[in-house]
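Undergrad: I'd like to ask you about the structure that follows.
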Amino acid sequence: MDVVIPQELIERLAAARRVAVLTGAGISAESGIPTFRDALTGLWAHYDPQELATPEGFARNPKLVWEWYAERRARIAGVQPNPGHAALAALEKRYEHFTLVTQNIDSLHQRAGSRAVVELHGNIARVKCSREETIVSEYPDDESPPRCPCGAWLRPDVVWFGEMLPADALARAETAAEHCEMFLSIGTSAQVYPAAELPLRALSAGATVVEINPERTALTRHAHFSLPGAAGVVLPQLLQRLASA
Ligand code: BV8
């Protein structure tokens, strides 16, 4: 069913020159990737992701955590970007200044053709030494997790709970939030910090904040526009309305 997109929103988007977007797991849901807060399936059904996605969880059970990521990596390799990812790649072409900040680690924005992607939480396709932090492109698969030549376990190059975000990515995201005229928050429950702070920074810097999410979130009451629908449905509609604005 069509979501009503207010004409005022279309006019503001058409007039804007600087746009920032924050996406979360919800934009990959229509590609078949379960969102972070959906009940985990299979072996991990009885684990809390916030337990597994932590340095402590990895130290406690490196094999379980390594294999959870290996299962997610395999699932991601088997899916395609969806119309929501494609619409954002097309939207980027309309603006002089467009920054796409994602909390996702699945590369689906890049595979859909988005260019200015800022990955706040790393990327599941990359593996690094858990001691030296260096990225490792090849590694033996005789152990789970495999080991770095230095002897330490290898781990996914993602940001776990309790870990700092990459400073350059966070700085780029904060600058985009503070200088944009339009900030779109798409497919995120707005619960994980510091990412969840970005739309509030945009708001206090005077930007128009738009949320696209089938559910209400902690951000909904702050947003100027809240479009209650799926990203893969709303974003193509929004792009279509913009084309004739
Ligand atoms: C940090 C990578 C400084 C790994 C992720 C106590 C101690 C330590 C830290 C904290 C603490 N209290 C708070 C914190 C900060 C903590 C935090 O925010 N915790 C929360 C839970 C309260 N943050 C951190 O630890 C961050 N680091 O702060 O460092 C520091 C250091 C030490 C001590 C203090 C501070 C690091 C956070 C990064 C964690 N890593 N991912 C991995 O993926 O395995 S976060 C993880 O959650 C994913 O990246 C995910 O994207 C992200 C956020 O979730 P969402 O993307 O929003 O996904 P979610 O499932 O929640 O929601 C999906 C939404 O989509 C829903 O709203 C749904 O309605 C919607 N949806 C569904 N379908 C659709 C849709 N929308 C549109 N279309 C659809 N079709």
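Undergrad: Search segment 235-245 for residues being part of a helix (DSSP H, G or I) and among the hydrophobic types (A, V, I, L, M, F, W, C), and hand back the single one that is farthest from the ligand (Cβ to nearest atom).
TA: Per the criteria, the residue is A243.
Undergrad: Do we have L120 as hydrophobic (A, V, I, L, M, F, W, C), touching a Pro at 6+ places or on another chain (Cβ under 9 Å), closer than 30 Å to L64 by Cβ and more than 15 Å from the ligand (Cβ to nearest atom) here?
TA: no
Undergrad: I'd like the full set of residues that are under 16 Å from P6 (Cβ atoms), within 13 Å of the ligand (Cβ to nearest atom) and in contact with a Ser or Thr (Cβ under 6 Å, 6 or more places away or on another chain), limited to segment 208-234.
TA: E211, T220, S226, listed by residue number.
Undergrad: Hey, could you check segment 188-207 for residues that are outside any helix (DSSP H, G or I), surrounded by 22 or more Cβ atoms within 10 Å (Cβ to Cβ) and within 9 Å of the ligand (Cβ to nearest atom) and say which is nearest to the chain's Cα centre (by Cα)?
TA: The selected residue is T188.
Undergrad: I'm checking my understanding of the structure. Among residues of segment 19-56 that are among the β-branched types (V, I, T) and in contact with a Gly (Cβ under 6 Å, 6 or more places away or on another chain), which one is modelled with the lowest pLDDT?
TA: Residue satisfying both the conditions and the ranking: T35.
Undergrad: Also, I was wondering about something else. Give me the pairs, please: first residue somewhere in segment 24-35 and in contact (Cβ under 8 Å) with a residue 40 or more places away in the chain and within 13 Å of Q103 (Cα to Cα), second residue anywhere and among the hydroxyl-bearing types (S, T, Y) and near the ligand (Cβ under 6 Å from one of its atoms), beta-carbon distance under 6 Å, and either six or more positions apart or on two chains.
TA: Close Cβ pairs satisfying both conditions: G24/T188; A25/T35; G26/T35.
The values are calculated or read from the model by the stated rules, or taken from the named source; none is laboratory data. Note that the structure is a prediction, hence the values are computed from the model and not measured. Using ideal geometry, Cβ is built from the backbone for each residue, glycine included, and neighbour counts are taken over all protein chains shown.
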